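The values are calculated or read from the model by the stated rules, or taken from the named source; none is laboratory data. What you are looking at is a predicted structure, and each value in this text was computed from that prediction instead of being measured. When we count neighbours, we look across all protein chains shown, and the Cβ atoms used for this are built from the backbone with ideal geometry, even at glycine.
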Amino acid sequence: MSEMSRRKFLKTGSKGIALATIPIIFKANPLAALMAPGGGINGLKDYYEHFGVNESIISQVMATALEKGGDFCDLYFQNKISNNITLEDNIVSRASTDVSLGVGIRVVRENQTGYSFTEEITPKAMKEAAKTAANIANGNKTIKSVELKLHETPSYYNVDTRWEDVGIDTKIPLLQKINDKMVTIDKRVIKTQVYFGDSNDYVLIATSDGRIVYDYRPQTRIFAVCNAEENGRRENNYDMLGGRMGIEYYTPESLENLAISTVQKTVNLFEAVKPDAGEMEVVLAAGDAGILLHEAIGHGMEADFNRRGESLFADKVGKKVAEDFVSIVDDGTLPNYRGSLNIDDEGNDTEVTYLVEKGILKTYMHDKISARHYEVKPTGNGRRESFRHRPIPRMRNTYMLNGPHEKEEIIRSVKKGLYAESFTNGQVNIGPGDFTFYLKTGRLIEDGKLTRPVKDVNIIGNGPEVLKNMVMVGNDLKIDTFGGTCGKEGQRAPVTDGLPTTKVSSITVGGVSS
Amino acid sequence: MNNKERLELAKWVVQQAQKKGADNAAADLGKSRQIEVEFRNRKLDVLKESTQNSLDLSIYVDKKYSSSSTSDLRKDSLGKFIDEAIAMTKYLGADEYRSLPSPKYYEGRQDKELYIFDSGYESFGSERRVQIAREIEDTALNQSEKVVACAGYYTDACYESVKVHSNGFAGSRKSASFSVGLEVTVCDDKECRPNDFDFKTVRYIKDIPDHKKIAIAAVERAFSKIGQKKINSGKYDMIVENRAGTRLLNALSGPMRARNIQQKNSCLEDKLGTKIGSDKLTIIDDPFVEYGLGSRLYDSEGMATRKRIMIEKGVLKSYYVDNYYGKKLGWEPTIGSSTNSVYEYGDKSLDELIAMMGTGILITGFIGGNSNASSGDFSYGIVGQLIKDGKAVHPINEMNVSGNVLDLWPKLAEVGNDPYTFSSNRRPSMYFKDVDFSGV
């Protein structure tokens, strides 16, 4: 599309296609919102206007929420606009947009939660929802008016241009560029797909302890898929880019590299074999293999599973769980990473939380409920999928710090084993600690050298055992910005994970019986 | 808003879309109401009530297509929403296969009572909901002091929706579902906390199973895992319990989707009419199962549903073909995704299958893993029991089962007489010969 036609569109339409859905939700003053410079809402006043509320209304809703004796409550206003476009068979022929707007009202009594939400942000609808949530308690209480004080936050994801100011005509060429490259660099490529997603997420959180805080959360991802054929054998693979970024993140070089790596990862699979089935030494490659931390250790360290006695880590705080060179953190502060948050979804500051420090289990990941239970400060891990969900402890960006070993030294130490590089998905069974992750690509290690590629095998282990069995940790930590999406109790959350090259002395690898 | 009013609004949306420049449009308007109750430590732990409204609008302009959704159903908002959806669509690439289904596929819609909405839903009281969740948890906690954590659940939901297409389709439906369940963790004498669960979902209140029995069964399942360990890698006969079977079946149904075939990502391409499983494998897509969780008279594209055989005695008879990929392939559409999957069931119970197997592995649950639609390879983590001489020897965990779809289904030796009716996939327990397991 030429610049001229783009301008024409802006004049006759709105600032951009993504923005085009916004006027619907600017209830208080749509014109002001449209005319706001440089991306709309920025200060508390703008957020109040955006959601059509003020301190007095919020205070009244809180009084209703707590009238039956709840200990505290919070209101989570959210307006999220998500856009997705798909390229398939060389055409960008599918686009979708979703606009969601609403407020979730939570009332907590001891460890118990009452929750309701409304998609209609009016005092009447909010009070009705508050009454529903209030039912978690059954007493009477007169509430003093809550005075809200703005809580300042850091900025872990500044973007040059907000996604609402980026038209679909700007995005489409990105997909085409990736596709053009993928279909030309290798004759074995038979089908390609490119998926692009972005979202603008505006949240305003008010808590009955007097905090009000707002946050703008951008998110984007490009996902390239390749199917290739050689001598009648077909393979497919994918690669991606993304994070809490603006469009400026996608450079011609990064898009070209994405295309090349997607095709390369696919055609490499033609050489792939299945490993022998059974226990073996596994070297986790730096980066993507951080999914092991997420599944094997991360979920078991979420405080709700421990508060309820379900996790094997429930009585392990302060105890030695790994070698001295193992330190694992969950970090909400990495600039522009997919799992980063300026504030969590309960309005708490995020931080770098040490789960394991020099082999000692330090702390769980907390939301407000668990922090009260354990009488500790919240760690900023209270997250929710949307205003339709209550917050629960969730990971953000989970990774292991560098250790003392060299990558080459680690690989050299393995006589027969598996070098695990990329993964598609994982799962954990909290109580027994069994976890799995599905290996998409890797290599065999034979006599200390990387040899044939392997693919499509599941790896299964036990979280606490694997933690103990991390016998070498490299000094080459890598964390991709784009990560994945974690599911827990029916709620999805964007996360990332990372790892330096790490050797685990024994894990069970799915494969063929020799 | 009721479905009649919703239908009027959907028609208005479609008319507006056409007035504003769409060649064709489809509007889906829906409302869902859900109530969730969770009991822990003999206290009400979570009480959640929610109602959601939504409009999904599909626009077709000059062979270009987009879909947009919103929860703001006020007419003045919808006017702008439609404008913007059309503006966005115009930027996309033209695709000759993008269109609403031909009206001929709307014809023949059955006029059957599917029994998917229980009018008793409207009067089902909050106290009863809380009572069920409380009694489930109480029952579980009373089983043993070794129950270290458990949660009793009750959830019900009501869905109302209408669908209108500009080329002549209009339909509405209303359904409800009721779910009860328990998650339980027990402790053994070592450092292990085995857990298990049982959830049951039904369409009618009369079919809600005895929730106390659910609690007792879930606790028994958790206790049966005490002492779990892995065994040697190797080939074993395998029985997959009915409630656990979906993951294996999904590895089979994925490659049967037209999208995967058209995108050259299916190990079942060119396999229509050929034998891909043993004689014991017959899968029927039946949208008319009374009280069925997947029952419907029209599919997500408005096409009238009908019963069809997908696999008959191991022979692949049909793919899941939606309108768009059907056109791309030059095929008639069937149904884009399964409604209720029903099977040709055997005459043996799970216990009889175990006795028949003699020695092997009983899989009671999968954990993680994935499959590759293109090659048919799969690999999943498992939990279950080692069986010898028809008896459970000890629980097993931390093992994988791996193989290929094209190798696995010919090894299906027998199926049970026990359809799992608490899912739209009403699979029986299944017995396979010689499957690869990795453990020690």
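Miscellaneous remarks
- Subset of the stretch B:228-250 that is touching a Ser or Thr at 6+ places or on another chain (Cβ under 7 Å) and within 11 Å of chain A (Cβ to nearest Cβ) - its residue that is surrounded by the fewest Cβ atoms within 10 Å (Cβ to Cβ): B:K235
- Residue match in the stretch B:48-60 (condition: of a type in the set (S, T, Y), within 27 Å of the chain's Cα centre (by Cα) and surrounded by 24 or more Cβ atoms within 10 Å (Cβ to Cβ)): yes
- Within the stretch A:439-481, the residues that satisfy the criterion of being touching a residue at least 60 places away in the same chain (Cβ under 8 Å) and either part of a helix (DSSP H, G or I) or acidic (D, E) (or both) are A:D456, A:G463, A:P464, A:V466, A:L467, A:K468, A:D476, A:D480.
To keep it simple, each residue is scored yes or no on (1) at pLDDT below 95; (2) under 25 Å from the mean Cα position of the chain (by Cα); (3) not assigned by TED's automatic domain parsing to the domain that holds A:C486.
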{"residue": "A:R217", "(1), (2), (3)": "no, yes, yes"}
{"residue": "A:G243", "(1), (2), (3)": "no, yes, yes"}
{"residue": "A:V282", "(1), (2), (3)": "no, no, no"}
{"residue": "A:A286", "(1), (2), (3)": "no, yes, no"}
{"residue": "A:I291", "(1), (2), (3)": "yes, yes, no"}
{"residue": "A:E310", "(1), (2), (3)": "yes, yes, no"}
{"residue": "A:F313", "(1), (2), (3)": "yes, yes, no"}
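- Of residues in the stretch B:331-354 being outside any strand (DSSP E or B) and of a type in the set (S, T, Y), the one farthest from the other protein chains (Cβ to nearest Cβ): B:Y345
- Residue count for the stretch A:397-424 satisfying the condition of being within 22 Å of A:L444 (Cβ to Cβ) and not in a loop (DSSP other than H, G, I, E, B): 16.
- One residue alone among B:Y106, B:Y65 is out of contact with any helix residue (DSSP H, G or I) (no Cβ under 8 Å at 6 or more places or on another chain), under 18 Å from B:N167 (Cα atoms) and among the aromatic types (F, W, Y), and that residue is B:Y106.
- Residue in the stretch A:306-322 that is farthest from the other protein chains (Cβ to nearest Cβ), counting only those that are surrounded by fewer than 24 Cβ atoms within 10 Å (Cβ to Cβ) and not in a loop (DSSP other than H, G, I, E, B): A:K320
- Test set (1) outside any loop (DSSP other than H, G, I, E, B); (2) closer than 24 Å to B:D299 by Cβ - B:K80 fails condition number: (2)
- Check on B:V14, in a strand (DSSP E or B) and either at pLDDT 95 or above or crowded, with 21+ Cβ neighbours inside 10 Å (or both): no
Yes/no matrix, rows are residues, columns are (1) in the same structural domain as A:R109 (by TED's automatic domain parsing); (2) closer than 16 Å to A:T64 by Cβ; (3) among the charged types (D, E, K, R):
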residue	(1), (2), (3)
A:K131	yes, yes, yes
A:I136	yes, yes, no
A:N140	yes, yes, no
A:S155	yes, no, no
A:D169	no, no, yes
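- Some residue of the stretch B:196-205 being part of a helix (DSSP H, G or I) and assigned by TED's automatic domain parsing to the domain that holds B:A140: yes
- Candidate set: the stretch A:190-221, residues that are part of a strand (DSSP E or B) and among the acidic types (D, E); chosen: the one farthest from the other protein chains (Cβ to nearest Cβ): A:D215
- Residue satisfying all of: in the stretch A:238-256; of a type outside the set (S, T, Y) and assigned to a loop (DSSP other than H, G, I, E, B); farthest from A:V159 (Cα to Cα) among these: A:R244
- With respect to the conditions (1) within 13 Å of another protein chain (Cβ to nearest Cβ); (2) touching a strand residue (DSSP E or B) at 6+ places or on another chain (Cβ under 8 Å); (3) surrounded by 18 or more Cβ atoms within 10 Å (Cβ to Cβ), B:L29 lacks only one, and its number is (1).
- Within the stretch A:95-116, considering residues that are crowded, with 21+ Cβ neighbours inside 10 Å and without any contact (Cβ under 8 Å) to a residue 40 or more places away in the chain, the one nearest to B:L44 (Cα to Cα): A:Q112
- Any hit, the stretch B:88-102, residues being facing chain A (nearest Cβ under 10 Å), crowded, with 20+ Cβ neighbours inside 10 Å, in a strand (DSSP E or B) and out of contact with any His (no Cβ under 9 Å at 6 or more places or on another chain): no
- Here the stretch A:482-510 is the region considered, the condition is being assigned to a loop (DSSP other than H, G, I, E, B) and at negative phi, and the residue that is surrounded by the fewest Cβ atoms within 10 Å (Cβ to Cβ) is A:F482.
- Considering B:A157, B:A176, the condition of being over 29 Å from A:V509 (Cβ atoms), under 20 Å from the mean Cα position of the chain (by Cα) and surrounded by fewer than 18 Cβ atoms within 10 Å (Cβ to Cβ) is satisfied by B:A157 alone.
- Residue within the stretch B:364-384 that is more than 14 Å from every other protein chain (Cβ to nearest Cβ) and either crowded, with 22+ Cβ neighbours inside 10 Å or modelled with pLDDT of 95 or more (or both) present: no
- Listed by position, the strands (runs of 3 or more DSSP E) contained in the stretch A:38-147 that have at least 1 residues being touching a helix residue (DSSP H, G or I) at 6+ places or on another chain (Cβ under 7 Å) and of a type in the set (G, A, S) are A:91-109, A:112-118.
- Scope the stretch A:271-305; condition farther than 19 Å from A:G448 by Cβ and either part of a loop (DSSP other than H, G, I, E, B) or among the polar types (S, T, N, Q) (or both); matching residues: A:A272, A:K274, A:A277, A:G287
- Residues located in the stretch A:84-117, provided they are at the interface with chain B (Cβ under 7 Å from one of its Cβ atoms), within 28 Å of A:A259 (Cα to Cα) and not charged (D, E, K, R): A:I91, A:V92, A:S93, A:A95, A:S96, A:T97
- A search for C-beta distances below 8 Å between a residue of the stretch A:131-149 that is within 14 Å of chain B (Cβ to nearest Cβ) and any residue that is aliphatic (A, V, I, L, M) and in a loop (DSSP other than H, G, I, E, B), counting only pairs 6+ apart in sequence or on different chains, returns A:A134/A:L66.
- Count - residues of the stretch B:346-363 that are modelled with pLDDT under 95 and either basic (K, R) or not assigned by TED's automatic domain parsing to the domain that holds B:K388 (or both): 0
- Of all residues in the stretch B:208-220, exactly one satisfies the criterion of being aliphatic (A, V, I, L, M) and outside any helix (DSSP H, G or I), namely B:I208.
- Test: residue in the stretch A:357-368 that is farther than 28 Å from A:V466 by Cβ and either touching a strand residue (DSSP E or B) at 6+ places or on another chain (Cβ under 9 Å) or not basic (K, R) (or both): yes
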